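First up is the structure itself, then whatever we jot down about it.
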Amino acid sequence: MLLCTVRGCHMPLTRDEHTFKCPSGHSFDVARSGYINLLQPQDRRSKDPGDTAEAVAARRRLHDRAVTAPLLKVIDFNSDDIVLDVGCGDGFYLGTRAGELGFDAHGTDISIPAIDAAARRYPECEWVVANADRFVPYANRSFTLVLSITARMNSKEFRRVLRDDGRLLVALAAPDDLIELRGAGRDRVARTVQTFAQDFRLVNQRRVTTTADLEADAVRDVLLSIYRPLRSQPLEAMRVTFSLDLLLFLCRQS
Ligand SMILES: [Zn+2]
């Protein structure tokens, strides 16, 4: 199901012990923690290599405090789904739900620290470091469900790797997400529907919101996870809003 990411190659990869190889002889190592690194040299030089280890650790501590758990429950998975989470971060959503429901789970992210954390916590899923902005490194029609949870959007590639009856679920930070810490954000729904309009049609839209009373160290973790500079004065406990716009799309038939 995995494809070679060397430019102009894109041949199927097959596993040989701790290496994945394509018929043209390109090879990719499996890391000790179990993930597969498909980044190309031009991706490694990218100005945007994804989340830092510090942000990944802060986000995982927030997940482990269960402050975002209510947001997780609203995504409808089927136990026979084959799921790709593009921009999966530390794998919290995908790994937790795959553990509960037993579906076939694949996650990809450009951040090595994020994928390494995912592979250590959820070894039963497949984790891949790749730049999905350019190429989603899976064969055509591999998946029944693609997730993009506050992550990048690549409409053509998402459509290519989905089966014709597949679903796409996109989660966006809603305008009131973390409003106590960063003020009101933009409503991104209309622009996002437009981004996917050629390949997908919107069938359901909902907003899911939860609040949590956070201790000062949890507030600090929120700021770290969104790359906000920490204030010089001590942080105080506060109530914080977490809010997502969830858009469910079905594939347009080509
Ligand atoms: Zn190749």
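Scanning the stretch 157-188 for residues that are of a type in the set (A, V, I, L, M), in a helix (DSSP H, G or I) and under 18 Å from the mean Cα position of the chain (by Cα) yields a single hit, Val161. Filter the stretch 205-254 down to residues that are of a type in the set (D, E, K, R) and over 27 Å from Ala53 (Cβ atoms), then give me how many there are. Residues flagged as of a type in the set (D, E, K, R) and over 27 Å from Ala53 (Cβ atoms) within the stretch 205-254 amount to 6. Just to be sure, is Arg97 touching a residue at least 60 places away in the same chain (Cβ under 8 Å), closer than 28 Å to Ala218 by Cα and part of a helix (DSSP H, G or I)? So Arg97 does not fit the description; no. Just name the residue that is nearest to Gly91 (Cα to Cα) out of those in the stretch 12-38 that are within 14 Å of the ligand (Cβ to nearest atom) and part of a loop (DSSP other than H, G, I, E, B). Selected residue: Leu38. On the given criteria, is Leu178 of a type in the set (A, V, I, L, M) and free of Cβ contacts under 8 Å to residues at least 12 places away in the same chain? Judged against the criteria, Leu178 is not a match.
In this structure, Phe158 does not satisfy being farther than 23 Å from Val189 by Cβ and touching a residue at least 24 places away in the same chain (Cβ under 8 Å). Kindly evaluate Pro41 against the criterion of being of a type outside the set (A, V, I, L, M), within 15 Å of the ligand (Cβ to nearest atom), within 23 Å of the chain's Cα centre (by Cα) and over 22 Å from Glu124 (Cβ atoms). Considered against the rule, which asks whether it is of a type outside the set (A, V, I, L, M), within 15 Å of the ligand (Cβ to nearest atom), within 23 Å of the chain's Cα centre (by Cα) and over 22 Å from Glu124 (Cβ atoms), Pro41 comes out as yes. For the residues Ala237, Ala212, Ala216, Ala190, the requirement of being among the hydrophobic types (A, V, I, L, M, F, W, C) and surrounded by 18 or more Cβ atoms within 10 Å (Cβ to Cβ) singles out Ala212. Determine, yes or no, whether Ala184 is surrounded by fewer than 15 Cβ atoms within 10 Å (Cβ to Cβ) and not basic (Lys, Arg). So Ala184 passes the test.
We did not get these values from a lab; they are worked out from the coordinates using the rules stated. Everything numeric here is computed off the predicted structure, so don't read it as measured data. So basically every Cβ, Gly included, is an ideal-geometry build from the backbone, and we count neighbours across all protein chains shown.
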